[in-house]
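Here the structure is laid out as structure tokens; the discussion comes afterwards.
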Amino acid sequence: MATTMISDGVLIKHYTEGNQGAFETLLKRHKNRIFSSIYALVGDRYIAEDIFQETFIKIIHSIRTGKYNHEDKFLPWAMRISRNMCIDSIRQRKRLPIVVDSEGNDILNNLGIFEKSQEEMHIENDEISMLRKWIWELPEEQREVLVLRNYADLSFKEIAVVTNTNINTCIGRMHYALINLRKMTQKNSVRVK
Amino acid sequence: MIYNITKTELLKYFYNECSPSVSQLIEKELDANPDWKKYLNYIETVHNLTKINLKPNDTLVSMILEESAATEHHSL
């Protein structure tokens, strides 16, 4: 027998009516996509976890105070919140001074603050690490569309809403992201299978 | 009439976002256009290679669930 999935909008309504299980279902439904997208945007697991938590605290607060009015557009709305936090975080990190030791190494790295998790180590060791590295070298607006499309699985129309642009701009950015990735693979003489 | 398919339309086609009429046209003409195939294969390659499914750690998820319950409790 086919089962019908309860829509995000209905789950949110149930949660506002006091059904805690409805929020749990919503969180479990979207957590991996939201977390993967945040990670792909900020490139650091610890920062991604902070942003993920802050995003959901904001979501909870907005729902509980009756500010959620996007019906079944929960994921684009959640991605918009997390995307704005990612941008703030990237800007903050750019402003941070790098403190080096006597040998010129970043002391934060030596303290192990940015030590990579096993999951990240695995990712970096596999065959796609190079492509991921190049995604990081894309202009910010191109990387953002690529991440929101491929990681968060948002449509171009939804990405346009999240990024305050229009659908043609989003598709154009995606196209140029692909062109730039191809140029990088060619420049580095790597053949993408 | 030959309709000029752009890379933008191929991109939308790959992600199931172009109109049914354009989709049908692309499918009909795909074999006769190796460049289209090449571009679609490339989009698919990047799509597959960039796909990751990371999970936030369970403690974090539990903390969020506690927060969602606590907020509910406070509001009562």
Next on the checklist: Restricting to segment A:12-50, name every residue that is more than 10 Å from every other protein chain (Cβ to nearest Cβ) and in contact (Cβ under 8 Å) with a residue 40 or more places away in the chain.
Outcome noted: A:ILE12, A:HIS30, A:LEU41, A:VAL42, A:GLY43, A:ASP44, A:TYR46, A:ILE47
Checklist entry - What are the residues in segment B:25-52 that are exposed (fewer than 11 other Cβ atoms within 10 Å of the Cβ) and either touching a His at 6+ places or on another chain (Cβ under 9 Å) or over 26 Å from A:VAL147 (Cβ atoms) (or both), if any? => result B:GLU27, B:LYS28, B:ASP31, B:ALA32, B:PRO34, B:ASP35
Next on the checklist: Restricting to segment B:8-25, and then to whatever is assigned to a helix (DSSP H, G or I) and over 20 Å from A:LEU178 (Cα atoms), can you tell me which residue is farthest from the other protein chains (Cβ to nearest Cβ)?
Outcome noted: B:GLN24
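Specify the residue that is nearest to the chain's Cα centre (by Cα); the eligible residues are those in segment A:51-67 that are more than 8 Å from chain B (Cβ to nearest Cβ) and crowded, with 18+ Cβ neighbours inside 10 Å. Give the steps one after another, and end with the answer.
Step one: filter segment A:51-67 for residues more than 8 Å from chain B (Cβ to nearest Cβ), giving A:51, A:54-55, A:58-59, A:62-63, A:65-67.
If we keep only those that are crowded, with 18+ Cβ neighbours inside 10 Å too, we end up with A:51, A:55, A:59, A:63.
Working: A:ILE51: 9, A:THR55: 11, A:ILE59: 16, A:ILE63: 21 Å.
Applying the filter and picking the extreme gives A:ILE51.
The numbers here are math on the coordinates, done by the rules we state, and not lab data. None of the values given here were measured: they were computed from a predicted structure. All Cβ positions, even for glycine, are placed from backbone atoms using ideal geometry, and neighbour counts span all protein chains on display.
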